[in-house]
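What follows draws every value from the coordinates through simple rules; no lab data is involved. Keep in mind that this is a model prediction, so the values were computed, not measured. Backbone-built Cβ (ideal geometry, glycine too); neighbour counts: all protein chains shown.
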Amino acid sequence: MKSKGEYYQRDREWQPPALTPDYKTSVSRSPRYAMISLQNSISEITGPTFGHNDVDPIDNDLLRNYAYSEQSPIGERIIVHGRVLDENARPVPNTLVEVWQANAGGRYRHKKDTYLAPIDPNFGGCGRTLTDENGYYFFRTVKPGAYPWRNWVNNWRPAHIHVSVFGVAFAQRLITQLYFEGDPLLDKCPIVKALPTQDARDSLIAALDLNATVPLDSIAYKFDIILRGRRSTLFENRLEGN
Amino acid sequence: MVQKLDYLKETPSQTAGPYVHIGLAPGAAGFEIYDHELGQDIAGPNAKGERIRVEGTVIDGTGSPVKDALIEVWQANSEGYYSHPEGGGPVEEGFRGWGRVITDFDTGEWAFDTVKPGRAQGRDVGIQAPHINLWIVARGINIGLNTRLYFDDEDEANAADPVLNIIEWECRRATLIAKRSEGTSPQVYRFDIRLQGEDETVFFDI
């Protein structure tokens, strides 16, 4: 008999370490002690669940969710779509995906962002949706612009969309950033390079997906999100300890 | 060569950045876009148990408050059940046990209102002390930090808690214990999270 067990441990050689000195802010915000390894209990294998009462259908359309009637934000119209899967390649249905981003000029709608590129009156810059029964999700938005940030004197973030995903367990909670195929800034970014391997960096680059474009309307990028997988115990598994 | 294992790799984490509010708390970023923001009501109106407020700061390695952090909360109800199909038992209508809170842009203070959780079942045997699971993201944090908040008026339960007890250094366990304020209503607990430096909070690789 199969029963469900813990989540696969995070691969800490794949995920970024806390301290990445070239990303300067991490220096004073990274714990110095080692994390305590914790086997999953009920507190980690459970997590918040969401339903259609939590989101509105328009929430995933950043071209319309903050635009004045009959107007649109400035920028390259894009569709971002993909699936949320677990490490066992199983779809994660009905899970909340939230995104936020700068506008086409690289400016965020945030009271603390003072970059000289203008706010777009028709662009809020955030969206959210639930995956469908197959783990599929999509957003419509404009491609965000690159922008400068204070790290070294002349750092520029590659175009990116922030992505937040829940899964079904608090152990799966994840925030990441989606990048775009072909961006020359990717190899120069200390935040991208916080990831220790090129394979991990590449896995955050959304692929141009011409098959998913809407001709004469919007270009498309595909971005699958993988959350931690869960162990099936093949035999009666009396977990030790605790 | 051997046969290939067909597992996928988890999507790597990246920092939530300084503008996490736009996506997860847009009202705080300075604009209204959603009919309702998520994570604003942890316990709901029908939750049984003691109403409490938890407040604190997030402190960096220089001793300064972190003013752009977001904390997510995940907790059981007063009976120790999580709002989840595998949560151990039923919860009150409207009890989610999940919420999110940001640190104040000026002071770095955060606070949330909830009910004090009960004791959830342990991993195999036994029972856990009342605790609230926290997940912290911010600019400069490459991957969200998991920690737990326990209560200083639960000495007996804390002493038997399987998670506190795997922390080898007893002095570090104290970093996970919120301090009860005297004479407040609702009851306030103080919990400062120290990312680095003296009394660095214990973080878990869950």
Inset, instruction - Mind checking which of A:93, A:26, A:144 is farthest towards the positive end of region A:13-147's charge dipole, using Cβ charges of +1 (Lys, Arg) and -1 (Asp, Glu) about the Cα centre? - result: A:26
Inset, instruction - Report the calculated FRET efficiency for residue A:24 and residue A:202 (r = Cβ-Cβ distance, R0 = 25 Å), to the nearest 0.05. - result: 0.55
Legend entry - region A:107-186 - percent relative contact order, Cα under 8 Å, separation 6 or more: 18 percent
Inset, instruction - Report, in debye and to the nearest 20, how large the dipole of chain A comes out about its Cα centre when Lys and Arg carry +1 and Asp and Glu carry -1 on their Cβ. - result: 800 debye
Legend entry - Inter-chain Cβ neighbour average for residues B:34-42, partner chain, 10 Å: 3
Inset, instruction - Run the quick spin-label model on residue B:159 and residue A:152: label points 7 Å from Cα toward the beta carbon, then report their separation in nm to one decimal. - result: 5.7 nm
Inset, instruction - Return the sequence-ordered ³J(HN,Hα) values of region A:155-166 in whole Hz as given by the Karplus equation 6.51 cos²θ - 1.76 cosθ + 1.60 applied to θ = phi - 60°, using x for Gly and Pro. - result: 9, 10, 6, x, 3, 7, 10, 6, 10, 10, 9, 9
Inset, instruction - Averaging sequence separations of C-alpha pairs under 8 Å and six or more residues apart, then dividing by the length of region B:43-110, give the relative contact order as a whole percent. - result: 43 percent
Inset, instruction - For residue A:72 paired with residue A:188, estimate the spin-label separation in nm (one decimal), with each label point 7 Å from Cα along the Cα-to-Cβ line. - result: 3.0 nm
Legend entry - Cβ-derived FRET efficiency at R0 60 Å, residue A:56 paired with residue B:168, nearest 0.05: 0.80
Inset, instruction - Compute the Cα gyration tensor for region A:150-242, then decide on rounded, prolate or oblate, letting a ≥ b ≥ c be the square roots of its eigenvalues: rounded whenever a/c is under 1.5, prolate when a/b is larger than b/c in the other cases, and oblate in all that remain. - result: oblate
Legend entry - Gain upon complete extension [residue B:86, residue B:104; 0.36 nm per residue less C-alpha separation]: 3.0 nm
Inset, instruction - Return an integer: the convex hull volume of the alpha-carbon atoms of region A:36-104, in Å³ per residue. - result: 165 Å³
Legend entry - Relative exposure of B:33, A:119, judged by other C-beta atoms within 10 Å (fewest first): A:119, B:33
Legend entry - Share antiparallel - DSSP beta bridges, the protein assembly as shown, percent rounded to 5: 75 percent
Legend entry - Likely footprinting exposure, A:189, A:126, B:171, fewest C-beta neighbours within 10 Å first: B:171, A:189, A:126
Inset, instruction - May I ask what percent, to the nearest 5, of DSSP beta bridges between residues of region B:129-206 are antiparallel? - result: 80 percent
Inset, instruction - Counting other beta carbons within 10 Å of each Cβ, put B:54, A:27, A:92 in order, fewest first. - result: A:27, A:92, B:54
Legend entry - Two-site FRET efficiency, residue B:51 against residue B:2, from Cβ-Cβ distance with R₀ of 56 Å, rounded to 0.05: 0.45
Legend entry - Tensor-based shape of chain A (alpha-carbon gyration tensor, a/c under 1.5 rounded, otherwise prolate or oblate): oblate
Legend entry - Where the Cα pairs of the protein assembly as shown fall when distances are cut into 20 Å bins, in %: 25, 59, 16, 0
Inset, instruction - Using only Cα atoms, figure out Rg for region A:51-146 and give it as a multiple of 2.2 N^0.38 Å. - result: 1.17
Legend entry - Taking all pairs of distinct alpha-carbon atoms in chain B, Kirkwood radius in angstrom: 18.2 Å
Legend entry - Cα lying deepest toward the dipole's positive end in region B:15-104, options B:90, B:74, B:21, charges on Cβ: B:74
Legend entry - Which listed pairs, of B:48/B:116; A:4/B:48; A:193/B:67, have C-alpha distances above 21 Å, in listed order: A:4/B:48; A:193/B:67
Legend entry - Student exercise, region B:71-171 dipole from Lys, Arg, Asp, Glu Cβ charges, in Debye to nearest 20: 440 debye
Legend entry - Anisotropy class of region A:116-185 from Cα gyration tensor, a/c 1.5 cut: prolate
Inset, instruction - Let me know the charge dipole size of region B:1-145 about its Cα centre in debye, to the nearest 20, where only the beta-carbon of Lys, Arg (+1) and Asp, Glu (-1) is charged. - result: 440 debye
Inset, instruction - Could I have the simple spin-label model distance between residue B:111 and residue A:4, label points 7 Å from Cα toward Cβ, reported in nm to one decimal? - result: 3.7 nm
Inset, instruction - Loop sites only, by DSSP: take the chymotrypsin sites (Phe, Trp or Tyr not before Pro) in chain A that have at most 11 other C-beta atoms within 10 Å and name the longest stretch containing none of them. - result: A:69-151
Inset, instruction - May I ask which residue of A:190, A:170, A:69 lies farthest towards the positive end of the charge dipole of the protein assembly as shown, with charges of +1 (Lys, Arg) and -1 (Asp, Glu) on Cβ and the Cα centre as origin? - result: A:190
Legend entry - Under 13 Å, Cβ to Cβ, from residue A:71 - net charge with Lys/Arg +1 and Asp/Glu -1: -1
